[in-house]
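What follows draws every value from the coordinates through simple rules; no lab data is involved. Just so we're clear, the structure is a prediction, and the values are computed from it rather than from any experiment. Neighbour counts run over all protein chains shown; Cβ positions are idealised from the backbone, glycine included.
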Amino acid sequence: MLTVALDKSPEDARPWVEAAKPTHPSLVDTEHRLADLYGIVNVPTGVWIDERGRIVRPNDPTFGTDTFVEMHGIRSGPHLDALRAWVRSGTLPFDEAGVRRRQTLPAPEEQLARAEFALAWHLHRRGRIEAAERHFVRAGELAPLDLTIRRGSMPIRGLDPMGEPFVALYQEWLQSGRPYYVAIER
Amino acid sequence: MRQLRPEPAPDEAGPRCALPLTSAPRSPYATAVARDTLTLIDDGRPHEVTAAFADGVVRVAPEDLRTAFGWELKPEGLCRGARCIPTRGEEALVTADGIDLARFAALVDRPLALDAAERTAYLGVGAGERAAQLASLEAPDFTLPDLDGRPHALSAYRGKKIFLLAYASW
């Protein structure tokens, strides 16, 4: 298992990692590089990669528990069962064509949104707060359903990702049908 | 946090001169060109390039574009290595002030986030390139640090099944 925290600093991820006491590598991705490479638009997102470095199950919201199932509607059980079957027996849910059919590939506006986010983050770290804010806002306009941008930018901008700003965002996400990726059947 | 210098208003293009910068007679409608260093970040890698700023258009010196990105203007078009993108019909792409950065980005299919007033731009990776990589089903390699700052590359785990999980404190 490889976990990657899309957080603005290792210190933001540390409480989670220390609570988990993992035996696997726990990485931090402050620049959202992984999000860009894999087309990640929300967390949690799980991807299965086989021994040859091939994607064998594409981006999917994979929860460890059902703690927030009423918010996101995705039960944890089926994926965990499938994951165990793969690890223990090598059972794969789809062939390559099946994986491709279930991939969510990035669109041009989403990549532009990522560039705007990266510019915003760069400016913010150099104290250009007002300029950074313009680009965070622009990124969110370009990819309104990319929560790595809209919610992920909140801690940087001094907004509470669990509070008021998120409440409005969650309603918007809910009304859009709680989109994540191409739905993978369970 | 105290600002180190005042931030320009959003509609400013940068330092403006009351007079044109050349001594030759100019039309009253000529735009003053500000020349300055641009921080151009190429997919996370920063470069300082020479640029000209006028009317929201940012032009980069061709030699800087070549040094930083490997793209060069030739008679065949905009070329890098064996690959050339035709530039017929792109008369405004190159002037004496340099190569139009936004047009260059569009031609090489890369998203450009530009803040002329802040003299900073970020050139990302286009959807076409990302989508092609993902559709190949080859998991894109990456190197990221753990909490102790030690780098880990995905490719170092070849030979094992990987469940890659992205999460966040938010």
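Miscellaneous remarks
- Label-point separation in nm, A:R178 to B:E72, each point 7 Å along Cα→Cβ: 5.6 nm
- Ranking of A:Y38, B:Y167 by count of other Cβ atoms within 10 Å, fewest first: B:Y167, A:Y38
- A:S89, A:S9 arranged by Cβ crowding within 10 Å, fewest neighbours leading: A:S89, A:S9
- Seen from every direction in turn and averaged, the convex hull around the alpha carbons of the stretch A:3-101 projects onto 7.4 nm².
- Taking every DSSP beta bridge that has both ends in the stretch B:27-170, the antiparallel portion is near 90%.
- Among A:V56, B:V108, sorting on how many other beta-carbon atoms sit within 10 Å of each Cβ, with the fewest leading, yields B:V108, A:V56.
- Estimated from helical segments only, the mean residue ellipticity of the protein assembly as shown at 222 nm is -9000 deg cm²/dmol, where each DSSP H run of four or more residues counts as -39500 (n - 2.57).
- Overall form of chain A per C-alpha gyration tensor (a/c, 1.5; a/b vs b/c): prolate
- Three-way shape call for the stretch A:46-156 based on the alpha-carbon gyration tensor, with the a/c threshold at 1.5: prolate
- Take each residue in A:24-32, count the other chain C-beta atoms within 10 Å of its C-beta, and the mean is 5.
- With all pairs of separate Cα atoms included, the protein assembly as shown yields a Kirkwood hydrodynamic radius of 22.3 Å.
- Efficiency of FRET between A:A168 and A:A107 - r from beta-carbon atoms, R0 30 angstrom, step 0.05: 0.80
- All lysines inside 24 Å of B:K160 as judged from Cα atoms, apart from same-chain residues fewer than 8 positions distant: A:K21
- Calculated SAXS-style log₁₀ I(q)/I(0) at q = 0.22 Å⁻¹ - the stretch A:108-175, Debye, Cα scatterers: -0.88
- The mean count of C-beta atoms from other chains within 10 Å of the C-beta of residues in B:41-51, rounded to a whole number, is 1.
- Derived scalar couplings ³J(HN,Hα) [the stretch B:149-164; Karplus, 6.51 cos²θ - 1.76 cosθ + 1.60; whole Hz; x for Gly, Pro]: x, 6, x, 10, 9, 4, 4, 5, 9, 3, x, 10, 6, 10, 9, 8
- Couplings 3J(HN,Hα) for the stretch A:131-144, derived from phi with the Karplus relation 6.51 cos²θ - 1.76 cosθ + 1.60 (θ = phi - 60°), are 5, 4, 4, 4, 7, 4, 5, 4, 4, x, 5, 6, 9, x Hz, where x marks Gly and Pro.
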